[in-house]
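Data block below; observations after.
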Amino acid sequence: HLRGSALNPATMTGKKPEEMADPNTKIEAKINRRNQPLESSSSTTGVGSEAAKKALADKKSKENDIWAEDEVQEHFVYDPDDTRERPDYDILYKQRVGTQDVYFGTDMDPSTTTCQDLLMKIKMPGAKLAEISLDVQTQAVNIQSSKYVLHHVLPYKVEKDKGNAKWDRDTETLILTLPIQRDWNI
């Protein structure tokens, strides 16, 4: 083939290769306006046209919305001018396995669906415990210090009030243990 792979618009529509544009050719895109309402005579004269256009734009934006406004939670505002470093971090999953689980052989497996806790290790070399600010939300963690900033959306919802944070002075690592919020009991 002269133009692309064996599966291309020409082979799918049955058109001859000469009818196709060469790669990287500039084309003009046209918008399909079939579903738009016709303008009334009042909109052409300018009476009420701004309100009508605004109402139409609001209606279209609501139709195309994926989530309702109350479903979206703002976790943090990213500041592109913030020059602080982003620390290295690891996210691990933890199971609470007791002797009865080992002895009786419960249905726990190594997947994340049977883990009860999310363990986050944030390495912050040069930081001091007194200067670290930690904000844990239902599905996000915000950590700031004079040298580091980390805003991270968590893979699971967590019980933010039941979490635990420890500072390891030797490795300069902040260790967060956050219980995962489940709709079922494991």
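The values are calculated or read from the model by the stated rules, or taken from the named source; none is laboratory data. Note that the structure is predicted; figures quoted are calculated from it, not measured. Backbone-built Cβ (ideal geometry, glycine too); neighbour counts: all protein chains shown. Protein only, heavy atoms only, side chains kept; ligands, DNA and RNA dropped before computing areas. Shrake-Rupley method; radii C 1.70, N 1.55, O 1.52, S 1.80 Å.
For the range 165-176, in order, what is each residue's ³J(HN,Hα) by Karplus, 6.51 cos²θ - 1.76 cosθ + 1.60 with θ = phi - 60°, in whole Hz (x at glycine and Pro)?
Residue by residue, the range 165-176 yields 10, 10, 10, 9, 5, 5, 9, 6, 10, 8, 10, 9 Hz.
Determine, from the Cβ-Cβ distance of L92 and A57 and an R0 of 45 Å, the FRET efficiency 1/(1 + (r/R0)^6), rounded to the nearest 0.05.
Given R0 = 45 Å and the Cβ-Cβ separation, E is 0.45.
Do me a favour and compute the ellipsoid semi-axes for the range 82-186 from its Cα gyration tensor, root of five times each eigenvalue, largest one first, whole Å.
Calculated on Cα positions only, the semi-axes equal 30, 15, 11 Å.
When the label point is put 7 Å from the Cα of D168 along its Cα-to-beta-carbon vector, which residues of the range 111-131 have a backbone N closer than 12 Å?
120-124
Can you send over the carbon and sulfur percentage of the accessible area for the range 118-186, probe radius 1.4 Å, protein chains only?
Answer for the range 118-186 is 46 percent, counting heavy atoms of protein chains only.
Keeping every protein chain present and rolling a 1.4 Å probe, give me the accessible area per residue for the range 81-185 in Å².
64
Percentage of Cα-Cα pair distances in the range 135-185 greater than 12 Å, rounded to whole percent?
Taking all Cα-Cα pairs of the range 135-185, the fraction more than 12 Å apart is 68 percent.
Name the residues whose placed amide hydrogens come within less than 5 Å of the amide hydrogen of Q181, ignoring near sequence neighbours (fewer than 5 apart) on the same chain.
Amide H to amide H, under 5 Å and 5 or more residues apart or across chains, Q181 pairs with K157, V158, E159.
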